[in-house]
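Please treat every number below as a calculation from the coordinates, not as lab data. Predicted model, so just to flag it, every value in this text is computed and none were measured. Using ideal geometry, Cβ is built from the backbone for each residue, glycine included, and neighbour counts are taken over all protein chains shown.
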Amino acid sequence: MKYFTTILAILITVFSSVGQNLVINGNMEEDSCNISWDGRTGWGKHLSPDLIHVGCQTWSNLDYTKPYSGRACYGISNGGYDWHPSTDTFPHREYLIGKLNNSLTEGKDYYIKYMVKPGHPWDDPQSALTTDRISLAFISSLTEIPVIETKLDYILDLEPDIINPHGILYDFDNYVAIDGCYTASGDESYFVLGNFLPWRAEALDTLWKDRSTIPFDEPTILYNLAYVLIDNVEVLEVPELAIKDMLLCEEDLATLYLHSFDFDSIYLNGVSLVDSIVLEKSGTYTIEAFFGSCYEITDFDVEYVQCSGCNFYIPNIISQSDSEINAKTLIGSTCNYTIELATIYDRWGSVIYQSDDNFDWDGTLYNRPVEPGVYLYDIRLTISPDIIPVTKRLLGSITVF
C-alpha cells in the first residue's frame with residue numbers, strides 16, 4: 001500500500017524564501033552629489049569606472065549617458081583599439097564590483113539581471129566603438145581577483161557566469177536586459193561586471209545607430225573606446241518548487257491557484273495555468289515553472305479515496321451572549337480528526353480568527369465583539385477513516401448575532 005505525506009491545505013501553496021534583491025544598492029540610487037567613490041554603498045571598482053548621476057555629473061546632461069531609471073548608474077570602458085588600430089586593442093578596461101547582502105546558498109538557483117546600454121561620454125556615439133562584452137562573474141573574496149599575466153595586467157582573469165546573449169550592442173538610445181540563471185557554489189559574496197576576455201578577443205565595431213547608413217569609407221574613429229552604462233543589477237533567489245504528494249477525500253477536490261506561486265509562469269502537464277485549475281483525477285502531475293530565465297520542474301501524486309463514513313457538523317449560528325447555547329463555534333464528527341488550520345474571514349476577506357489546533361471562535365476580535373453578520377470559515381483537517389491519514393477541507397458560513 002502506498003503512503004502519502006499530507007499537506008496542510010488543499011489550496012496548494014509553495015512556501016519559498018524568496019526575498020528582495022540581494023545586491024546592496026542594486027539600483028544605484030544613493031542620492032548624493034558626492035560623485036567620488038568614497039561612501040558609495042555596496043559598490044567598489046577596479047581601475048576607474050564612472051558614476052553617472054543626474055544633476056551632479058556633467059555627463060548626465062548629455063543624451064547618451066542617462067540612467068535606465070532613477071538618478072544614477074555607472075559607466076565603464078570595456079574594450080577598444082589603440083590609437084593605432086594596426087597594433088593592439090586599446091589598453092584600458094574598467095570593472096565594477098558589487099556586494100551581496102549575504103553569501104549565496106550552495107545548490108540554490110538565482111536569477112541574475114542587469115540593464116546595459118552602449119554610450120559615449122562626449123555625446124558623439126557615431127564616433128565611438130562598441131563591443132559584445134559586458135559579463136558578470138561571482139567571486140568569494142575581494143583579495144582573490146586574478147589578473148591576466150601579460151603587460152596588460154589590469155585585465156581581470158575571471159570566468160563569467162552571465163554573458164551578453166545579444167551580440168554587439170548598437171542601440172545607444174535604449175537599455176537592454178542581460179539575464180541568466182546561476183546555480184550557486186555557496187561562497188559567493190561579491191560579483192564583478194566587465195570584460196574578462198583575453199586581450200583582443202572581444203568583438204568590436206563602430207557604434208552607429210543605423211547600420212545600413214554606414215558609408216563605404218568609414219570616417220576616422222575619434223574615440224577608440226567601447227563604453228557601456230550599467231543600471232539596476234539584481235540577484236534574486238529562485239523559489240523552491242516543492243509540492244508534496246496528497247491523499248484526499250474524493251469529495252474534496254484539490255485546486256491549484258496561480259497566485260499561490262512566486263513564479264512568473266506555471267504549467268501543469270504542459271498547459272499554462274492562467275488562474276486556477278481543479279485536479280479532478282488521481283494520478284501523477286507535472287509542474288513546470290519559470291522565474292525569469294530560470295526553469296524548475298517537479299512531479300507530485302494525487303490520490304482520492306472514499307471518506308463516506310466520516311460526517312461533520314458545524315452550527316451555522318453563534319451568539320455573542322454567554323447565555324445562549326451556541327456561544328462558540330464547534331465541530332461535531334463521527335470520526336477522529338485533527339485540525340491543521342482553521343480560519344474565519346469577514347466579508348472583505350480579512351482574517352478574523354485563525355488556529356492550528358482548534359475551532360472555538362467566540363465571535364470576537366481583539367477581545368471585542370465583531371459586527372453582527374455572516375462570516376466564512378475554511379478548515380483544513382486530517383481524518384483517519386482507514387489506517388492512512390487523509391486531508392479534508394470544510395468550507396461554509398457562520399452568522400453572528
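Hey, can you rank 390-401, 260-271 by average C-beta count inside 10 Å, highest first?
So the peptides 390-401, 260-271, ranked by packing, come out 390-401, 260-271.
Pairs of C-alpha atoms in the range 235-340 farther apart than 15 Å represent 73 percent of all such pairs. Amide H contacts under 5 Å for Tyr95: His46, Ser48, restricted to partners 5 or more places along the chain or on a different chain, H placed in the peptide plane at 1.01 Å from N.
Averaging the sequence gap over all C-alpha pairs within less than 8 Å and six or more residues apart, then dividing by the number of residues, gives the range 247-311 a relative contact order of 37 percent. A simple rule links phi to the HN-Hα coupling: the Karplus curve 6.51 cos²θ - 1.76 cosθ + 1.60 with θ = phi - 60°, which for the range 232-243 gives 6, 8, 10, 10, 10, 6, 6, x, 7, 9, 10, 10 Hz, with x for Gly and Pro.
Distance distribution note for the range 261-401: the fraction of Cα pairs above 22 angstrom is 55%.
Highest-first packing order for the peptide set 353-359, 202-208 is 202-208, 353-359, based on the mean count of other beta carbon atoms within 10 Å. Applying the Karplus relation 6.51 cos²θ - 1.76 cosθ + 1.60 with θ = phi - 60° to the range 274-284 yields 3J(HN,Hα) values of 7, 9, 8, 8, 8, 8, 7, 10, 5, x, 9 Hz, where x marks Gly and Pro.
Which of the pairs Lys281/Lys328; Lys108/Lys244; Lys99/Lys244; Lys113/Lys244 have their Cα atoms more than 26 Å apart in this structure? Flagged as over cut-off: Lys281/Lys328; Lys99/Lys244; Lys113/Lys244.
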